[in-house]
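The values are calculated or read from the model by the stated rules, or taken from the named source; none is laboratory data. Since the model is a prediction, treat every value here as computed from it, not as a measurement. Neighbour counts are summed over all protein chains in view; Cβ atoms, including those assigned to glycine, are modelled from backbone coordinates with ideal geometry.
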Amino acid sequence: MSYPIITLLISYFLTFLIVKNADWHLHLSSDHQHGPQKLHSGSISRIGGLGIFLSLVIVVITNYFLEENPSKDFLVFFICTLPCFVIGIREDFTNKVGVKLRLLFTAISALIGIYFLDGLIYSVDLPMVDDLLKMKWFCYVLTIFAITGISNAYNIIDGLNGLAGMVGIVSLLAIYYIAYLFGDHYILFLAQILIASILGFLLWNYPKGKIFLGDAGAYLIGFCSGFLSLLLVDRHTEISPWFALLVNFYPIFETIYSIFRRKVSKNQDPTAPDAQHFHSLVYFWLKHRSPESNGKDLKLPLWVKNAQASTILWVLPISCTIPAVLFFDNSFILKSFTFLFCVTYVLVYRLLIKSNNTSVINEVTSGAKV
């Protein structure tokens, strides 16, 4: 049975139902508010993660009942995702769930995953940290922190049509390939149905943004990508722990840099939304170099520049996953590429800040509609 194709079709059809029946739920699920992170027009449903999750559940349950020797581990994996998905979908419908509570539920998902499937971080190839990792409690703390951080990082980059979804697909493709090399059928199966489910959603999300991923979808993809990469390293010691970091590094570094520039540089709330994320700056850079901004009013819809900016940004996860796959067993080379990505990111970010119109960014940061 071709589970990836079935998963894609189910995800596509369920997302289609959500989009076409928006009148039933849009008063609850709409991303209607104006704010610094809104780079689209109109009211769009943000429960795209629901179609992804349900398609995965349907396929995993089908696999369990149809296979001759079914494994409960596939079911266990998606039981682990329940806390972070449930709290995310509640936020998507209510807009009343705080960041701390979402992080807490994601940490619970991580703890459940560690308990039932292991996947602990035992080494990071850094002497001082590895000494601490000799203590089992520190392994738990670092692993939970890492998975929770990656899940939240995907939520932060979810600002353009097709961005977070494609980042997840690129990361999972890298995980899929390495799992294939090592003959790890468990991770291979999970990675391929995750890719298919995200793709089914992405066909409605990109380029026109007919539905958004939402908190539930972002946390779900981030959790699965983060946990599977750590699980892969734990199950195959030949793989460097820096592989797991590098395949998820774009959203991770976006989060770290956002915290730094808000808290350290500006003494602002690190969790407060703003319009100075890397993807926002790329969008503004494109928007203010479009024909209509030069006196030729073509009345292009917002989704055009939104999708163009997202496509450009796909370079970021690809630039991380290619070296991660090529040098998955060499920590020194992976560390070098990680450092190179950090330097390049910061330099390009500063160029984007200088090239964008400061008054426009300040206007959007203050909460005006784009």
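List of remarks:
- Applying a threshold of 6 Å to beta carbon distances and a minimum spacing of six or more residues, or different chains, the list of pairs starting in segment 128-140 at a residue that is at pLDDT 95 or above and ending at one that is of a type outside the set (F, W, Y) and part of a helix (DSSP H, G or I) reads L133/C139; F138/L132.
- Residue in segment 250-261 that is under 26 Å from I79 (Cβ atoms) and either out of contact with any strand residue (DSSP E or B) (no Cβ under 6 Å at 6 or more places or on another chain) or modelled with pLDDT under 95 (or both) present: yes
- Check on G217, crowded, with 24+ Cβ neighbours inside 10 Å, of a type outside the set (D, E) and closer than 21 Å to L75 by Cα: yes
- Among the candidates I10, I58, I47, I18, residue that is under 23 Å from I156 (Cβ atoms), out of contact with any Lys or Arg (no Cβ under 8 Å at 6 or more places or on another chain) and modelled with pLDDT of 95 or more: I47
- If you go through segment 177-199 and keep only what is over 16 Å from the mean Cα position of the chain (by Cα), crowded, with 18+ Cβ neighbours inside 10 Å and farther than 22 Å from K72 by Cβ, you end up with just I178.
- Pairing each residue of segment 110-126 that is more than 16 Å from L228 (Cβ to Cβ) with any residue that is at pLDDT below 95, provided the two are 6+ apart or on different chains, yields no C-beta distance under 7 Å.
- Of all residues in segment 202-227, those being over 19 Å from D23 (Cα atoms), within 14 Å of the chain's Cα centre (by Cα) and not polar (S, T, N, Q) number 13.
- In segment 177-200, the residues that are in contact (Cβ under 8 Å) with a residue 60 or more places away in the chain reach residues that are charged (D, E, K, R) with C-beta atoms within less than 7 angstrom, at least six apart or across chains, in these pairs: Y186/D73.
- Number of the condition not met by V325 [criteria: (1) at pLDDT below 95; (2) touching a helix residue (DSSP H, G or I) at 6+ places or on another chain (Cβ under 6 Å); (3) aliphatic (A, V, I, L, M)]: (1)
- Residue count for segment 93-128 satisfying the condition of being in a loop (DSSP other than H, G, I, E, B) and within 30 Å of R46 (Cα to Cα): 4.
- Of the set (1) touching a Pro at 6+ places or on another chain (Cβ under 6 Å); (2) within 30 Å of P301 (Cβ to Cβ), all apply to G168 but (1).
- Segment 62-78: number of residues that are part of a helix (DSSP H, G or I) and surrounded by fewer than 14 Cβ atoms within 10 Å (Cβ to Cβ): 5
- Top-ranked residue in segment 21-44 [being outside any helix (DSSP H, G or I) and among the charged types (D, E, K, R); ranked as modelled with the highest pLDDT]: D31
- Screening F212 against (1) in contact with a strand residue (DSSP E or B) (Cβ under 8 Å, 6 or more places away or on another chain); (2) aromatic (F, W, Y); (3) surrounded by fewer than 24 Cβ atoms within 10 Å (Cβ to Cβ) leaves a single unmet condition, (3).
- Some residue of segment 312-328 being of a type in the set (F, W, Y) and closer than 21 Å to L230 by Cβ: yes
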